[in-house]
Amino acid sequence: MLAADRSAKSLPPEELARAVQTAITAQCDLDSRPGLRVRVRKVDVVEPIGKPQTLRARVTLHLSAEGNPFCCMEPGCLLGLHAGRLVRTADHVRRLIGRRGKLVLELPEGVDVEKDPDVRLEMDAVADEEPLDLD
Ligand SMILES: [Zn+2]
């Protein structure tokens, strides 16, 4: 007889958060994009009636200067973690934790963005151009 399916609730919270972080990093290809890292702060496991087990994750995107200049600070642009990519990320988590049943990933608060002080945007390059020295 098959063992009962593995619930995300059976994992220690840190392990679940790490699995979500690993899946986002892979699905958003962050290992090949310098200066972009995600940190999963918290994952709540909920089971809405009649719906698949759902992970509600709080995620921070951290920008550091290795990625300078960035086009913007919009997580939608930098990560694009929605629609099909969010579905693929949920499926990646499912495989990582060894669950057979469907898993849904939600980001109820979107993605927070934080940046190091030396992070620059493309538009800064224009704004910071040295004025002509007329002496
Ligand atoms: Zn952008």
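Worth a mention:
- Pairs of Cα atoms nearer than 8 Å and 6+ residues apart set the relative contact order; for segment 8-117 it is 31 percent.
- Pairwise FRET efficiency - residue 121 versus residue 6, Cβ, R0 = 35 Å, nearest 0.05: 0.25
- Principal-axis tilt of helix 83-97 within the chain, Cα atoms, nearest 10 degrees: 50
- Neighbourhood charge, 14 Å Cβ-Cβ cut-off, centred on residue 70 and excluding it, Lys, Arg +1 and Asp, Glu -1: -3
- When DSSP beta bridges are restricted to pairs lying wholly in the chain, around 50% turn out antiparallel.
- J(HN,Hα) series, segment 31-40, from Karplus relation 6.51 cos²θ - 1.76 cosθ + 1.60, nearest Hz, glycine and proline x: 5, 9, 10, x, x, 10, 9, 10, 10, 8
- Dipole magnitude for segment 8-117: computed about the Cα centre from +1 point charges on Lys and Arg Cβ and -1 point charges on Asp and Glu Cβ, it is near 520 debye.
- Charge context of residue 94, other residues only, Cβ under 10 angstrom, K/R +1, D/E -1: +4
- Placing a pseudo-label 7 Å from each Cα along the Cα-to-Cβ vector at residue 15 and residue 46 gives an inter-label distance of 2.5 nm.
- In degrees, nearest ten, helix 13-27 long axis to first principal axis of the chain (Cα): 60
- Scaled against 2.2 N^0.38 Å for its residue count N, the alpha carbon radius of gyration of segment 8-117 is 1.07.
Values quoted throughout were computed directly from the atomic coordinates according to the rules given, and no laboratory measurement underlies them. Since the model is a prediction, treat every value here as computed from it, not as a measurement. Note that we place each Cβ from the backbone using ideal geometry, even for glycine, and neighbour counts take in every protein chain shown.
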